[in-house]
Structure formats: C-alpha cells, structure tokens
1. Considering the zone a paramagnetic label at ALA722 would reach in this model (a point 7 Å from Cα along the Cα-to-Cβ line), which residues of segment 676-708 have amide N under 17 Å from it?
2. Can you tell me how much longer the chain between GLU283 and SER624 gets when fully stretched, taken as 0.36 nm per residue apart minus their C-alpha distance, in nm with one decimal?
3. Can you give the charge dipole size of segment 563-646 about its Cα centre, rounded to the nearest 20 debye, using +1 on the beta carbon of Lys and Arg and -1 on the beta carbon of Asp and Glu?
4. Please give every one of the lysines within straight-line cross-link reach of LYS186, meaning a C-alpha to C-alpha distance under 27 Å, and leave out same-chain neighbours fewer than 8 residues apart.
5. Could you give the nm distance between label points at GLU638 and ASN890, where each point is 7 Å from its Cα heading toward the beta carbon?
6. If you average the C-alpha positions of segment 253-326 and of segment 99-148 separately, how far apart do those two centres end up, in angstrom?
7. How much length, in nm to one decimal, is gained on full extension between ASP880 and THR690, taken as 0.36 nm per residue of separation minus their Cα-Cα distance?
8. Put +1 on the Cβ of every Lys and Arg and -1 on every Asp and Glu Cβ in segment 651-735; which of ASN723, PRO656, PRO680 then has its Cα farthest towards the positive end of the dipole?
Amino acid sequence: MSSSALRRRRASTLSRHSQSSPLHAEQLETRAMLAADSGLLEGELASGDFLLEDVYPGSDPYQIYEAISFGYAELDGVAYFAGIDSPNSYSLWKTDGTTAGTEQVVAMPSYYDIRALKTVGNLLFFEADLTGTSYELFVTDGTAEGTVQLTDFATLNNFYSFNMTAVGDTVFFVADDGVSGVELWKTDGTELGTMLVDDLSPGSDSSRIVHLTASGDLLYFQTYDPLYVDVELWRSDGTAAGTFEIGVDLLDTSFLTDFGGVLYFTADDGMHGEELWKTDGTEAGTMLALDLLPGDTYSDLNDLVSVDGAIYFTDTDGDIWKTDGTAQGVVQLTDQDYEPGYISPHFVFQGELYYSLFTFDGVELWKTTDISTEPQFVGLLNDDLFSTFYDPPYAIIGDALFFTADDPDYGVELWKSDGTVEGTVVVTDLDPIRGNSYPFALTLFDDYLLFVARDPANGFEPRSLSLQSPPVAAIQLPKSSADGLSIELSALGTYDYKDAVADLLFEWDLDGDGQYDDAIGIQPAALLSSLTLPSVWEIGLKVTDLDGETGFATLSVSTEATNLAVDEPAIEVNDGMLATNSGVYFEAYDRTVALSASVGTVVDNGDGTWSWSYLTESNDIGSSAVTIYADNGFQSSETTFFLTVNYANPAIAVSPQSPEFVIRGEDAFAFGTYEVGAAPIASITASRGTVTDHGDGTWSWTGSISGDLSDFIVLQLTITDANNVSTSIYPPLYIIDSVNAYLTINDAAATTDSLGVVDVLPDDLETINEWDPFTVNVWIERDPNASYGLDTINYKLDYNDAWFQWTSSAAGASFGQLDVTDVGGQLEISASNFYDPIGGDGDYLLIGSFRFTPNPDGGLPNDAVGQYAEPVDLGFSIADMTVTNDYFANIPGMQSGGPTTQVEVIPYDLDDDGVIGLVDLANWIRTVGDNVAATPESYPFDFDQDGVVSLIDLAYLIRNIGATRSNGVEIQLPPISPPAGSLIESEFPSLQSQTADLTPSFLLEAEAIDPQQQNVDAAFGAFDLLDDCWQLPTDADEEVEETLEEEGLFSAESWRPQQLPDWALEAASIVECFVDQAIALLEEYDEEHPAMAEASDWWNNRFRRF
C-alpha cells in the first residue's frame, strides 16, 4: 500500500472542533495567479523598515513569535501591545501609530509574560504572569493607577488561555482557582465583580469547558467528558440558574458561530446526519436550520465562519457553501471536491470569498465568486504563520487588502491587493538576504496599518505603515508594438496603500520637460512619430490617488542600444541540472536584435522577452557570471547575472509504498530509493535503527520502537557521498495500536446508541442448540488513533458452513454501507460510509450483525461413542481485518478473545436428518435397556445421561417428536445429572438380554419404505399420529400415578418433580397408546408396503416383551 494511501489525511488537530493544520489536497488544474511571474514583482518596494520602536532590544532576530504573538488592542484611540524591558520582563506599551507616540505605559509593573489583550467597553483586559508559575487576569484603563489584578489563583492550570469572551460589558473566562477546578468565571472589571459563575463539576474536578462564544445576550460553550469524546452544548446568562445544558439530544455539536444574535452550529440528531442547527438558548428554540443532504446522510459541515452577512461553511466533499441562515438562502460557491479538512473560508473582499487550501506545496490562499467561475490562486501562505494563528494574517480597509504571503523571490512578506492582477503587489522586503520577515498581527488603527515583522538588525518588532502615504509608483521597461510604430509603456507594479489601482491617475512625461502631459493611463502607447527621442530617454511617471497624494517614478532607457533586463540576478543549481533564467528587452526603433549568451542558449520570444537555459556539468562547479548580449546592428548592450553550480547532492527518498505507521510494540521498517550525485555514496545512516544499502539504488531500514510511548517518531535519514556532501530527510513514523475486534453471540442484532456504540459489550448467549438461529455481532473497540474519522473497515468472518448458513446482515447505526460476500465458510465484509468522525476511547462500535441458521444439509453429528455429546464452540472468528480512517489506511485489526457461547447437539435427532420422528424412535428402540458403559455406541440414546437407556429417555423423545430444524418447535431437554432414586432401568435389569437378538436394521430409512416415499417419518405422519395420545387421560392425576406404580414402571418416589418433570411422566403414560396406534398404522399398510408389515411385527414383539 502506498504511503499516500496509508495516510489519507494527516491533520495536526486533536479534534474536529479545532482549526485544521496543513493537509494534502488535489491541485486545481487552473491556477490563474493574481501576481503574474513577469513584471509585476518588479515594482518599487515601500521604503523604510516601518519600525515603531525597538521594544525588544538584543532579541534574536530569527526567533519567530518570541515577542508580540498576540498583537494589538485598541482602547480610546490608542493601540496597546506587550513590550519587553529585559529578559523575562514584559510590560504594557502603547502607540498612536507613530514612533514619537510609542511609549511604555508609565510605572507599569514588570511581568514575566503578557498575553491575550482584549478591549471591552472602556477597559482593556489582559492575562499576565507575575511569577512564572501562573497567569492571572488584569484590567487597565490605560494608566498605571488604573491597572488592577483581578485574580490571584496561583495554579498551574492557568498556564492555559482563559479564553476571554465578552457578552455586553461582562467578560467570561475559564480558570482554576485551586478549589473548584477549571470552571466558568465572569468579571465586570472590578475585583468584587470577578466571581465563579457556576461549579459545573462540583469539587476540585474540572469541567473541560471550551469554545466560549457570545451570541445575543448569552454565552454559549461546550463541555467534554473526561476522555474528550462526548461533547455537550451549554449556555449562560452569567448566573448559576441561567447556566445549563441545552437539553436537546444532539451529538457532536461543533463550530459555534454567532450570526445575527443567533447561535449556529453543526450537530447530529441521529435522524438527519450532521447538519446546520441554530438555537436561541432554549430547548424549544433549538432547531435544524439546514439539511444540506436530506435524510440521515452526513453533510459533514465544517469551518463555519460568519462574514459579510452570511455563514460560510464546507461540506463533506470539501466544497464551500454560504447561507443567510435559512434553507432557501443556501448557495454553493465551489465545485472542486477538495475533500473535507483541506479548505477553510476566511474573509470576503470586494464580493469574493478568500479561503485557504492545504496542498503538497503548503497552505495556499485562493478566492472565488460563485460556482460558475473558476477559483483563482492568490498566493502561498506561510505554514508557520498559518499553523500558529489558524487564519492568514490579513486586514481590509476600503479597496485595500493587506495579507502575508510566501513568494519565491521575496520570501514571507507583506502584500497588498485591490482584487486585480495589476493591483496585487509585494509591499515589504525587510530581509532581502534571508527572505522572510514574517509579518503578522495585521491591525488597522486609525490611518495606520500596525503589524509585527522581523528584520535582520532588530528582529521582531512592532511596525506601522501610514495609509496616508503617497502612491508607490513603478515603471516597467517599455516594449515596442508588434507593428513597430508605437512604444508601449507600463506602470504595472504601482500601488496605493488604500486606493485601488483603477482609481489612480497615471500621467506621463515623455519629452523630459517636467510636465506630465504626454500620456495618461497605466499602460498607454506612444507613437514613435510623435516622439523626439534623445540617446538617453528619461521617462517620468506621476501617480495621484483619490486624496490627491502623488507618487513619482523615473526610468532611463537608451534609444541607441537595446535595453536589457534580467528577471533573476542570481540563480543556483546543482551539477547536472538545467539552469534557466529570463528577462525583457526594449529596442526603441524596432531594429532587428540578435541575442547571444556567454554560456548556454538564449532565445528571443518575439514579444520583448527572452529565455536562457544551460545544462550544467561537473566542471561548472562554483560561481560565474553569465552575460546576455544584444546587438541591434548599431550598438551592442549586455546584462549580467550570476550562476552558481553546486555539487549535485545525493538524494534519498522514502518509497510511496513504505508504511507510515507501525503497530506499537512491533519492529518498524521503511524502505526507499536514493540517487547518486557528483560522487559515489559513502554511507547512509539513520538517527536510530539500522539502514541497509542494497547497492542498486534502494535502501531499507529497521528499528525497534518497543520503548516508545509517543504517537510518532521522526527519523533522520542521511546520505553522504565521497565529497562529504550530505542530504537528510525526516520522515515521520506514526506509532499506533492495532484495532481490537470482538464477537458476541446474541438472539438478534445488538442494541446500541444512535452512533452504533455501547459502553459494555452484550453478554453472549450461554448455549444454543444446533437448530437455533442466532446473530453474530461484530465490534471494534474505539480509540482516538483508529476510530477517528472512520472510512472503511474490511474483515472476514470465518464460520463452520457444515453446521450453519448465513441468511442476512445488518449495518450498525454508525455507517451506511455493508457489503457481504459468502465464499463458503467465510463472509467477506466491508463496512463503509461511517457517520461519526469523532471516534471514542474504550467503548465499542458495532460494525455488522450477521444472522445464521442451521445448515439444512448438515449439523452437529449425533454419533458420540464412548462418551456423551458435549457442547462445543461455535467456531466463529475474525480474520484479515483492516481499518482505514482519515489518517491511515489498512490499520490491522485483531480479534480479542472469542465468544463464550457453545452449541449443543439435538439429542433426539438420532439420524441427523433435521426431524425428530419415528425413524429416531425406531433407532432408539434398538438400544432400550442398554447400559452405556457396556455398550459405548449407546451413549447418544441415553438422553438424561444417567447411564442406562430407559423409558425415561423414551418419554423425552416422544415429547419432542414432530420438532424439525425449521418449524420452530421448542426442544425440551432432560436434566443431565442422574437422579438419586431408582428409575426404570433398575426395574428391568434383564431387558438388554431379552432384546439382544433383535436386529431392526430393516427399519433404516433406505429399507423401511420405497424411494417414492418421503421417509418413514412422513409415512407415519409424525404430528397427526400423536393427536389421539397427546392429551392426558381423563382420570385424575392420582389415578395416573397409581396406574404407573401398579404396572411397576416407577417406584413411589422415583418420578418426583425434582427428578423428572411432569411432562415426562405424562409422556411415559401415553407410550403404549402411541405404540398401539403406530402398529395399527403399520398394519394398514401391510398389503401395499410389505416392509411395514415386517416392521409392525417387530414392534409388537419388541414392546410386548418390554
């Protein structure tokens, strides 16, 4: 199985209620980048480093998020943030967006850390740690005197965020006071107004409260059970009486989202699948809002977000929808089938929804309008930023969208877009060398965009960009028109901080007189005939925004020589790789231009651009200049870029077929391939275990992980060549437990909850007889690794097809598809379409119920010799189980124990034909009086297992005559332990010798009746024969007792109820009646069936002696 199949999806979230981390998804075939590769990125960058204040002096410039990881909060026209005075000493700072207005709040206390700033009304709340041992809640009005500590809990549990959530002027939070555990608290900003709302788990136990959400005038939240499996929806109005669970039987409530004062969320009521619900905080007001997939099919709604007057969400196919909160207002926006968890909607800008997509390349930002248009690629988001903040850093003001994106040329920088191709540009390049400034905490404040970013000199610092700054103008190298009569100008790359490019005024100075009156527009064309071009042509551009602010740019071009520009000033490749570069050129008078290169091949693309390529060799190792030449027949020109060729690194890769997980306690293995670089391979090593180089470009690794208790390990595999050049890869190997599977034998399909789950397995039936139908229920024990996001469970159910036959199956309540194939003695089973993605821990999931009935052509043989027939195991077992979930495929499952039910032979069906009839009676008569110890073959005929074949056994046999394998008549079994008193066997010690000379072999079915007859039982009419004898005689029960005793059949004490049931006595009393009628019936057939006459003579002789 390939690794892509083994690991279907690997999110780093602990539950589906958390935001997703980067995942794999299919690439869209259409990727129309807003920022095109050519020209757009060559615009002017904003000048300066935007630094407000170096509030982290001496900090590591490359240590990401060490500083202001929670950004800014505004209070009364001032933005507050956390600054550092010295190592492990934080304080509160404020800014008005300018360096002069950035200062430390005077005389504030020094904190070990500050986090989670939140403005509510005219107060600023924040969490701070004074001692390094516990966070506490503080409030400030922006002054030192107005800064108050509201809690003094001093507990380690308070290292977790308080999750402050405001409802009106009340701030709710979750904290541990050291007495009540982690519970719900509230504050009005005063010490007296800071109090416990309610102790939901009385005592020191914590309530596991998560996802605090304000909606209307209520707070909503969820609580988990101790295993974080079952989740409940609660509400609070800030009082204990008003804090309670919303009493609706819903499962897996997720994605609590306020929309217009009403709480929307996803949930499953067991009838509609997982769909969109809403509540006003009452049971009556909690209702289904949208059933996207009618019926019990799961829509699997995810990633609810309320933006721009609509609720956006994703469905089970990974597509995006929006709704106004009603079923009638639902609209599908994408039809790309990304798969669930790969896509998350974030914000709306200029009527277009921007969303993140998780791909092999990382996290990408896309936008879409509606289902009729193809989504458009915007940019690559940085994995580190995204996994830290869950949303891409962005800010919107008017027609300006600021966001952080990862570009191959600039790294992770601040970008700005007006929603058009020409208006999407990079704004900052604070670290041209390393290429990443990681802007985050983008916050619009007054006329400023505040953010945090890194530069090599200062590290991460607070920064400010004035939105009132003039436009940033850029001029691209001109191009000649196709007909050679015009020069095409371009101001692509120009942008304004707040206005769209379409709203900017572009004015050009083409004659050098300082007047911008020669052309208008972002890409105008100027006729050559209207221009007087000097040898060096100065092109001027003036750009004016809607506020009248102006920006300028100039560009000098030669009219005598061909103007050349290169896209990449330096490129770097490994030995043996194809090096490529590109650029543009401009020829003022449309002369024929010949292009050439000092190394490699350059091609004129015919549109004012050129392309260069070169296949590197081993003697190219090192750095060298590559020169592109242009000759227009009048003058030559050139441009240069640098090519660096490195030794080709050896490459090592894990095979797609290599397993990505190992069962805990077992040895792990992996395998893959490698490629030789510039020198032979010297070694392949691993951080643990043993690597074997097979010498043919393949390797394998084995290692023991028996001591690992973690869920995964990361291997470091390093390949080193003779030049001491190394390449390392770091494949993860996940450690999981095998799936425990169980069988239970029950009367019917097991009863479970709406998700097909039970906390305790049902008890097995103790025993069944060989004619009983029964149900085999198959279970797996749920655990977070195996049962989270179940997809498919395949397994085989082995059974004894000589004894039983499979008749029907039923799926459990947790899934919608059960495919079963009977291959004879084995069911091949596949369970799929599971509804519940949460999984569990320690409970049991029903994955199929299978009904079995006796095999009409088989059964347990009733032929024990030398011993009584003992109950035996049914012989059911599970084989070849594999479980596929959202993380992995083919997790092995193993049966844990086996069912305890045993099956008993039907003792009276002596000929194993599925009918208790006269043939069985005839067979039994042969052994009447036998002592089984002396005649071992008589054991099957001693039904009560008292050592002797007696009339008591006959009574039991007659009581059950007429029962068949299929007619459902209940079988009456005798007590097994022999009675204490003397029974009929002791009354007739010579019976065996009296009957030893009889050989009733002629009564076998094949001889007793011709082949046209069904069988002897049918000939005798097993049921009708008993009609006249089955009722008790009309005499009183006492008379029956006396009659039996007088005839010497029983002693006065031998047949009491504790030794024989009444029905056995009644049956014994009608034996004579039954035999008389049987003989009479045989005699009627004497002429037609001579064999019957012989049988009636034999019966008469047998019973008269008896």
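Each reported figure results from applying straightforward, stated rules to the coordinates on display, with no laboratory input. A quick note: this is a predicted structure, and the numbers were derived from the prediction, not measured. Here Cβ is always computed from backbone atoms with ideal geometry, including for glycine, and neighbour counts include all displayed protein chains.
1. In segment 676-708, the label zone of ALA722 (backbone N under 17 Å from the point 7 Å along Cα→Cβ) covers 676-684, 695-697.
2. 115.2 nm
3. On the way: 1 positive and 12 negative charges, 22 e Å.
The dipole magnitude comes to about 100 debye.
4. By straight Cα distance, LYS186 reaches LYS94, LYS118, LYS278.
5. 5.9 nm
6. About 38 Å separates the Cα centre of segment 253-326 from the one of segment 99-148.
7. Working: separation 190, 0.36 × 190 = 68.40 nm, distance 2.96 nm.
Extra length available between ASP880 and THR690 comes to 65.4 nm.
8. ASN723
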